[in-house]
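Each value in this text was obtained by applying a stated rule to the coordinates, not by laboratory testing. Quick caveat, the model's predicted, so the values are computed rather than measured. Every residue, glycine among them, receives a Cβ derived from its backbone with ideal geometry; neighbour counts consider all protein chains shown.
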Amino acid sequence: MVQIFATFEHSASLELAISSLEKNGVSKENIFAVPLTNRAAERRLFDTIHSEDGISLLGTGAALATAFAVVGASVGFRLAWGPIYWGLIGTGGGFLLGLLIDLFYYKVVKKQQHLLRGKNSEVILIVECKEEQSDTVESILWHHFAFGLARIESN
């Protein structure tokens with residue numbers, strides 16, 4: 001016997017894949033679908049020392065801080081406080097502007113895109129079949145837009 005694991009988006013393609021499997025001789029008892037739930041809580045924007053989500057709020061701030069520091073120091077030669085103070089003021093202002101841009105992007109724009117897209121949860125489909133059927137089952141699952149597939153042979 002072979003177990004084939006596949007992940008699908010919860011859609012009509014999944015239903016069509018299951019009905020195609022049944023038409024090709026795989027019984028209902030050998031097909032198991034497990035829907036995954038979506039994340040209920042929002043992602044935290046500020047990481048802790050033990051968890052990180054790959055979103056950095058410092059990149060844009062650092063780039064703008066560098067650019068504003070150069071501009072501030074250049075203009076500071078003609079201003080009363082001098083280039084050092086104006087370079088530091090440019091650094092702080094650029095960093096705060098970059099931080100605000102990233103906060104706005106991740107809190108408003110990304111959230112709107114997520115809501116507009118209507119992200120569906122994924123489904124794990126487990127199919128147990130005979131060795132002779134495994135290639136047919138895999139081709140059916142790929143034909144119906146499986147995200148990924150894994151085959152485990154058991155004795």
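Here are the numbers for the structure shown:
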| read-out | value |
| --- | --- |
| Quotient of C-alpha Rg and 2.2 N^0.38 Å, computed over segment 59-117 | 1.49 |
| Residue order, fewest to most surrounding Cβ atoms within 10 angstrom, among Trp142, Trp86 | Trp142, Trp86 |
| Sites Glu22 and Ala150 - FRET efficiency at Förster radius 30 Å, r taken between beta-carbons, to 0.05 | 0.90 |
| For peptides 89-98, 144-153, sequence by mean Cβ density within 10 Å, most packed first | 89-98, 144-153 |
| FRET efficiency, Ala33 to Leu103 (Cβ-Cβ, R0 35 Å, nearest 0.05) | 0.35 |
| Glu131/Ile55 FRET efficiency (R0 41 Å; Cβ-Cβ; nearest 0.05) | 0.35 |
